[in-house]
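The values are calculated or read from the model by the stated rules, or taken from the named source; none is laboratory data. Model, not experiment: these values are computed from the prediction. Cβ: placed from backbone, ideal geometry, glycine included. Neighbour counts: every protein chain shown.
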Ligand code: UD1
Ligand code: CA
């Protein structure tokens, strides 16, 4: 295949990431619910990479498993048995592409902010540039820790000097190497073979290829926005990058007509879909396959995981929902808890401290205060009173409680499943329902009340007498 047709990408991910101080390989640390390494891989595919090869080493098995689960055959792994530097890593990666003669993009596995546009722009420049190497560069006030871009008086790139190998004067240079390159395959193969570990870290530096390119046709620098180029070395940077990603996602939703009230404090994972005119308030977390419908309002502090919020629904503060569906125009919260398998229909109302699990609720049904509704099948226009509990578990098995259309469950009732309350039936407050209630019937199961006139005063006297006796 000719190189004008495409490119392949190497993602270097074999390093340990010592500064993370973690049992988990650095590139598997999650940002917004996805492993670090998935970000540069997705950007490479987004830019049109024909193949992506990840170089793995530290924690190779776990990293390889993650990649095959996520990408299947689309990503291959090349093992770097010993972490001898980024140059050695690139050599291992290229070993997995023996017949590729086009352009090879190389990025580091912690480049989570890199965009498809950055990579495709790099490739466009590389195609036009006659020399064998093109790289992104960026400028910041203090480039400590990064390799510096050394240029000659005419502004041509001469080499990259690693931070630890910099002279005092070179340290002042603010243009740095973000570690995003495109190289011609033949050049990469030959140049890597010439690398030596003559540097402060005794490693094979990929960055030494820049000086070699400068001498053989030129190294081309493409200045790019530093906000897409910061990597991750420690936990502090991990959190900052996650924050950067979250803000970027929030702004993208706003461009598409969603209000994200406080983009600094909303965490919306990349997989989440939000439709127009939805409003997401501060401190909301939307995770996984969550989908928020048109005009829906997700209020402060809600955590929604794999949850579908219908059009026009209102999710009041501090509601938590997992693997559930909230119907259109439904109103839930504050402090509702939907556990997996909850399906609320249209115009349902759930109030504070109502917990549901694997429960369906039909249109117009309500449970406005304090309830546990587990394994329920609730029809339409059912009213579930405060303090109702579905006793769904007998210690071994779970059982279903069915409330048919129009039924009414008085406050503080317990329904001992399996049990059915028929259509339009009433359950009086405080009833423990252990048998099915027929349609249109009323069930009442509580001790009859007895009033004893004047007994309150006598009771008080007795209690007072006991109190004085004790204090003597
Ligand atoms: C590297 C660059 C530096 C640049 C900086 C940008 C080199 C020599 N230096 O420095 O110029 O400014 O990134 O962030 O390339 N890796 C392997 N195998 C190895 C060593 C590293 O796969 O043997 C991988 C790591 O997993 C990591 C990436 O290469 O994803 C970069 O390695 P790292 O040690 O972080 O390089 P820096 O010192 O940050
Ligand atoms: Ca680094």
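Summary of computed values
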{"item": "Neighbours by Cβ (under 7 Å, 6+ apart or cross-chain): first from the stretch 221-235, in contact (Cβ under 8 Å) with a residue 40 or more places away in the chain; second assigned to a helix (DSSP H, G or I) and within 15 Å of ligand 2 (Cβ to nearest atom)", "result": "230/241; 232/238; 232/241; 233/19; 234/19; 234/20; 235/20"}
{"item": "Residues of the stretch 376-385 satisfying the condition of being farther than 15 Å from residue 413 by Cα and surrounded by fewer than 20 Cβ atoms within 10 Å (Cβ to Cβ)", "result": "377, 380, 381"}
{"item": "Count of the stretch 152-184 residues which are over 17 Å from residue 90 (Cα atoms), away from ligand 1 (no atom under 11 Å from the Cβ) and touching a residue at least 12 places away in the same chain (Cβ under 8 Å)", "result": "7"}
{"item": "From the options 283, 257, 218, residue that is within 30 Å of residue 194 (Cα to Cα), modelled with pLDDT of 95 or more and surrounded by fewer than 20 Cβ atoms within 10 Å (Cβ to Cβ)", "result": "218"}
{"item": "Lone unmet requirement of (1) within 16 Å of ligand 2 (Cβ to nearest atom); (2) at pLDDT 95 or above for residue 116", "result": "(1)"}
{"item": "Among the candidates 57, 33, residue that is at pLDDT 95 or above and within 16 Å of ligand 2 (Cβ to nearest atom)", "result": "57"}
{"item": "Check on residue 435, surrounded by fewer than 16 Cβ atoms within 10 Å (Cβ to Cβ), more than 40 Å from the chain's Cα centre (by Cα) and at pLDDT 95 or above", "result": "yes"}
{"item": "Residue in the stretch 199-214 that is away from ligand 2 (no atom under 16 Å from the Cβ), farther than 25 Å from residue 287 by Cα, in contact with a strand residue (DSSP E or B) (Cβ under 9 Å, 6 or more places away or on another chain) and part of a loop (DSSP other than H, G, I, E, B) present", "result": "no"}
{"item": "Filter pass, residue 94 being more than 16 Å from ligand 2 (Cβ to nearest atom), modelled with pLDDT of 95 or more and farther than 26 Å from residue 237 by Cα", "result": "yes"}
{"item": "Members of the stretch 102-125 found to be assigned to a loop (DSSP other than H, G, I, E, B), out of contact with any strand residue (DSSP E or B) (no Cβ under 8 Å at 6 or more places or on another chain) and more than 14 Å from ligand 1 (Cβ to nearest atom), listed by number", "result": "115"}
{"item": "Pairs, first under 17 Å from residue 134 (Cβ atoms) and within 11 Å of ligand 1 (Cβ to nearest atom) in the stretch 1-25, second modelled with pLDDT of 95 or more and in a loop (DSSP other than H, G, I, E, B), C-beta under 9 Å, six or more apart", "result": "10/96; 10/97"}
{"item": "Condition met for residue 329 (more than 19 Å from residue 259 (Cα to Cα), in contact with a strand residue (DSSP E or B) (Cβ under 9 Å, 6 or more places away or on another chain) and at pLDDT 95 or above)", "result": "no"}
